[in-house]
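Working notes, beginning with the structure itself.
Values in this text are rule-based calculations from the coordinates and carry no lab data. Because the structure is predicted, anything quoted here is derived from the model rather than measured. No Cβ is skipped: glycine too gets one built from the backbone with ideal geometry, and neighbour counts run over all protein chains shown.
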């Protein structure tokens, strides 16, 4: 029963599309980073996001948001994503192991969890903490 509900849920299909998009993004990032420097990759990545942003904006009938706090968070999100993307392109540009670089950088949710506990006062259960430990150990093992 739970599987059928999950397969009908929009969040699930958005998540699948996200996984496929980011998987393709990581592969294309590595291939592009072999050919051009990280700074150029970041510029072109941002340029490639513009049509997506315009399409989303058009879908909202070109309405702009009015929340200064929300806008600030969104812009800071973009700045951090840009820095993260630039450093990931730099890592790929070193011709290091793509699988290892991608897996190591995909541990960013660990930072999110720590920040959520410290700033948002969210709580994690011991089993969730164990999961974080396993993720950290897994990347160490994977690096061998």
Looking at the square roots a ≥ b ≥ c of the eigenvalues of the Cα gyration tensor of the range 2-103, which shape do they give, rounded for a/c under 1.5, prolate if a/b is larger than b/c, or oblate?
oblate
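Could you sort the peptides 10-16, 35-41 by per-residue average Cβ neighbour count (10 Å cutoff), highest mean leading? Walk me through the numbers on the way to the answer.
Working: 10-16: 10.1, 35-41: 14.4.
Result, highest mean Cβ count within 10 Å first: 35-41, 10-16.
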Any idea how far apart residue 4 and residue 80 come out in nm if each label point goes 7 Å out from Cα toward Cβ?
4.0 nm
Could you work out how much longer the chain between residue 122 and residue 13 gets when fully extended? Use 0.36 nm per residue separation minus the Cα distance between them, nm to one decimal.
36.6 nm
As a test of the formula, what do you get for the chain when each DSSP H run with n ≥ 4 contributes -39,500 (n - 2.57) and the sum is divided by the residue count, at 222 nm and rounded to the nearest 500 deg cm²/dmol?
-27500 deg cm²/dmol
Take the chain, connect every pair of alpha-carbon atoms lying under 10 Å apart with a spring to form a Gaussian network, then pick out the residue of 53, 78, 24 with the largest mean-square fluctuation.
53
The range 101-144 shape via C-alpha gyration tensor axes, a/c threshold 1.5:
oblate
First check a/c for the range 62-144, with a ≥ b ≥ c the square roots of the eigenvalues of its C-alpha gyration tensor; if it is under 1.5, answer rounded, and if not, answer prolate when a/b is larger than b/c or oblate otherwise.
oblate
Taking Cα pairs closer than 8 Å and at least 6 residues apart, the relative contact order of the chain in percent is 27 percent
